[in-house]
Amino acid sequence: MDIRLEQASLHWQHHCVFSDLNLTLPGGQWTSILGQSGVGKSSLLQLLCGIADEAAITGQIFCSDGQPLAGRVAWMAQQDLLLPWLSVLDNVLLGARLQGGTVGSEQVEQARHLLVQVELGNRANARPAQLSGGQRQRVALARTLFQDQPLVCMDEPFSALDAITRLKLQDLAAELLADRTVLMITHDPLEALRLSDRILVLRGAPARLSDPIIPAGQTPRAIHDQQVLQLQAQLLELLAGEAS
Amino acid sequence: MMSLLRPIGITLGLLLSWQLIVWLTDAPRFILPGPLLVFNTLIDQFPLLMKHAGVTLAEILLGMLLGAGLGLISALSLITWGRLRRWLLPVLVISQAIPVFALAPVLMLWLGYGMTSKVAMATLIIYFPVTAACFDGLRQTPTGYLQLARTLGAGRRTQLLQIRLPAALPAFGSGLRVAASVAPIGAVVGEWVGSSTGLGYLMLHANARMQVDLMFAALLVLAVMALALYFSVNLIARRLTPWLNESTSSVTRGDTP
């Protein structure tokens, strides 16, 4: 399913961050938006998730199947947002729990399977406080996958982690989210280059989206890939140029 | 081991200095009875003390139950209905300017000399701290949790009951702890103002008849009761929030992500 966002505009304290922004998310592809802080990229993602401050940001969302997008997005934030009073398993099942009604044994089975996939099968009954930052974000990934929605929106999902944990989680995410429609917001060019099919840069004042950069090859791309390194340098220069 | 020895040592030391003061100053027993005398009275008058302690304890417990229940319900209502909040919150704050003790005679007048007026005193004195603690707890739910719940399709009711309420449990626990430490004050003040049973009554009665040793014994029973109450409530509050005790790092201790 393709998703199209049209004429999005964001106003922050009587000042226009961007207006008339159009964004297309082709079905089954991983799109990343790269930009600096304060450029409105998180608001853009929250608009798609239906949790944006509606007074500030407006825009129209169209899905290629003609249905509204509301309620069909899985959101993964920079913080893991695991509820401390629930076990790891119940956190993965949170979607089912909040929908009301009872959680079926099939769903529990599926959640356990996802925990095995994120290599936390033996920690299902632990509480989030007993896990490390990387483990907690893996649980958040499992929770996002459990929702099984047509669109996955990730807001700097790995930026709170240390470099090594981040690389491992990127590989895991690339594997588990293959062939899904994903929108990822990040300020790390390397992360975008490793994981994305299409990269858009949001920059300027008012901000505009660049033409898509489409790196070749399979994701997750290697960190020493020549093309990745070259593009990373270009993207960094592009972003730094704006800052100066 | 040391943690057990320390309080015992402190208690023994205090008792010893108490007895020493009595010996050294040769204070008459109707001014300052020594700990041995108080202890003797405690044993001699044990049935009498327990009879009155039972009444006071019942008043305190009923007051706590009502105060905490009403406080929780009020906090939930204030969070749920914005209009109610705008009208009621100022009233609640202003009502705190009236000292609850000053209301005691009025409560006697309205509710009589029986247990009802004392339970009302304890309830009133607890109500505000519990309401304030719960309300703050409910209001300070991390936005991220609520946004996540919204993307998961949770309605307002589900958000309140499954996200806001559990997230506010640590604050509710603090409210309960405060309640446990002030509830005995409410009950005893109520008894002082007018009653025919309870430890507060017993103390006034003993005081009037110069039975200072009995007064001290009643005070001792009251102190033990208040301590036991506090520690039981503390235990319950910790049971309500098991995730706070298990946490290994300070980063995840009930903070906002």
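The values are calculated or read from the model by the stated rules, or taken from the named source; none is laboratory data. The structure displayed is predicted, hence computed values, not measured ones. Because the Cβ atoms are built from the backbone with ideal geometry, glycine has one as well, and the counts that use them run over all protein chains shown.
Points worth noting:
- When the stretch A:118-171 is filtered for residues that are among the hydroxyl-bearing types (Ser, Thr, Tyr), closer than 24 Å to residue A:45 by Cα and either touching a Gly at 6+ places or on another chain (Cβ under 7 Å) or away from chain B (no Cβ under 13 Å) (or both), only A:159 remains.
- Residue ID - surrounded by the most Cβ atoms within 10 Å (Cβ to Cβ), chosen from residues in the stretch A:62-76 that are facing another protein chain (nearest Cβ under 8 Å) and touching a helix residue (DSSP H, G or I) at 6+ places or on another chain (Cβ under 6 Å): A:75
- For the stretch B:118-156, a residue qualifies if it is away from chain A (no Cβ under 14 Å) and among the charged types (D, E, K, R), and the qualifying residues are B:118, B:136, B:139.
- Candidate set from the stretch B:195-245 (those that are polar (S, T, N, Q) and part of a loop (DSSP other than H, G, I, E, B)); member that is nearest to the other protein chains (Cβ to nearest Cβ): B:241
- Any hit, the stretch A:228-235, residues being in contact with a strand residue (DSSP E or B) (Cβ under 9 Å, 6 or more places away or on another chain), more than 20 Å from residue A:76 (Cα to Cα) and either surrounded by 16 or more Cβ atoms within 10 Å (Cβ to Cβ) or not assigned by TED's automatic domain parsing to the domain that holds residue A:2 (or both): yes
- Picking from residues in the stretch A:37-57 that are modelled with pLDDT under 85 and surrounded by fewer than 22 Cβ atoms within 10 Å (Cβ to Cβ), the one that is farthest from the chain's Cα centre (by Cα) is A:55.
- Within the stretch A:134-187, the set of residues being of a type in the set (S, T, N, Q) and buried (at least 17 other Cβ atoms within 10 Å of the Cβ) comprises A:135, A:137, A:144, A:147, A:149, A:165, A:170, A:181, A:186.
- Where residue A:26 falls short, out of the listed (1) touching a Leu at 6+ places or on another chain (Cβ under 9 Å); (2) surrounded by fewer than 17 Cβ atoms within 10 Å (Cβ to Cβ); (3) closer than 30 Å to residue A:201 by Cα; (4) modelled with pLDDT of 90 or more: (1)
- The stretch A:20-55, residues that are part of a loop (DSSP other than H, G, I, E, B) and within 14 Å of chain B (Cβ to nearest Cβ): A:50, A:51, A:52, A:53, A:54
- Among the candidates B:20, B:61, residue that is part of a helix (DSSP H, G or I) and more than 30 Å from residue B:120 (Cβ to Cβ): B:20
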